[in-house]
Amino acid sequence: MPYAMRLDQAGDPAVLHRVEVARLAPGPGEVWLEQEAVGVNYLDVMQRRGAAPIPLPGGLGLEAAGRVAEIGAGVDNVAVGDRVVYALGPLGAYASGRIYPAERLVKLPSAIDAEAAAAVFFKGLTAQYLLRSTYPVGPGKVVLIYGAVGGLGQILARWSHHLGATVIGVVSKPQSIARAEAAGCQHVLVWGAVDLAAEVARLTGGARADVVYDGIGRDTFAASLDCLRPRGMMVSIGASSGAPDPVPVGTLNAKGSLFLTRPGLAHHITDLGEYHARAQEVFAALSAGVIRTEIAQRLPLGQAAQAHQGLEEGRAGGTIVLIP
């Protein structure tokens, strides 16, 4: 019988529990999807904690890959048996099977399996818009990336390096330096071990970074601003240490007419044409080896709580995939 991981209230990982669910007949525009691999993202953790509120009780999870098992009326973009992947849409990816809107499914190239797709799709789409739309990264640019050995961080580092940028990675411990270098970082700094802004200035001959991708939040925000060149771009992409304090607009002027943005994936893939175009670029980058599928852990779906605990404690070692 199909099952899903649900939560009745926000809290620690133990709030996630397994429930059996009925297999429903898809309605118009829907499919029943048999899921083969489910991606885990730090946003899942934020939603489970209550830091990013979601309707409760309910499901969790924003991406998965699998096969179309049944289609509803009017569905013509996919057929039974198609291998597909999705990101966003209705919450509830932590499931062995589910109803899902057909128009939000993307067919998988034959060379990309379900685990690889679930591991990279959400993070790859995020990296694509951050590097292409939020700030155009290319030759001569200096990019500063926090969490350079995390799932998203490694994709950002590899892709930025491929685009010709100088990549400075920030990690939390010295043991992560070699992995960050292997992911494409020319320079790696350990948070707390150095004066970050001073080191970035030294490494760049005083020029500093063109763009900072900061997923840490409160603990790193002030240092991130100080790492930027005049008219540089501060991109806040997460808040694992808590939400940053409000920034007086005059501070941005005083620090060099800086730009500040807090983008999100939803606003970059709502349009179906844009969604599919970004997806195809992610698939192309994966197929060409620009980015890689490096799955640190494969866990049974029923161990979603353990996956979350590992992420929160910094023990994940990279991307986690849940297998129904």
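The values are calculated or read from the model by the stated rules, or taken from the named source; none is laboratory data. This structure is a prediction, so every number in the text was calculated from the model and none was measured. Don't worry about glycine lacking a Cβ; one is built from the backbone with ideal geometry, like all the others, and counts go over all protein chains shown. Accessible surface is based on the protein model in full, side chains and every heavy atom, while ligands, DNA and RNA are left aside. Shrake-Rupley method; radii C 1.70, N 1.55, O 1.52, S 1.80 Å.
At-a-glance table
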item	result
Lysines with Cα under 24 Å of K141, excluding same-chain neighbours fewer than 8 positions away	K123, K255
Within the chain, percent of DSSP bridges classed antiparallel, to nearest 5	55 percent
Accessible heavy-atom area order of D82, D195, D226, highest first, probe of 1.4 Å	D195, D226, D82
Candidates D245, D210, D113, ranked by Gaussian network fluctuation over the chain, Cα under 10 Å, top entry	D245
Of V149, V78, V137, the one that fluctuates the most in a GNM where the chain has Cα springs shorter than 10 Å	V78
Relative counts (whole %) of C-alpha pair distances in region 143-290, using bins that are 10 Å wide	11, 38, 35, 14, 1
Farthest positive-ward along region 61-104 dipole, Cα basis, beta-carbon charges - from A102, V75, V85	V85
Most mobile listed residue (T204, T134, T220) in the chain, GNM with C-alpha springs under 10 Å	T204
Surface accessible to a 1.4 Å probe, per residue, for the residues of region 202-324, Å²	46 Å²
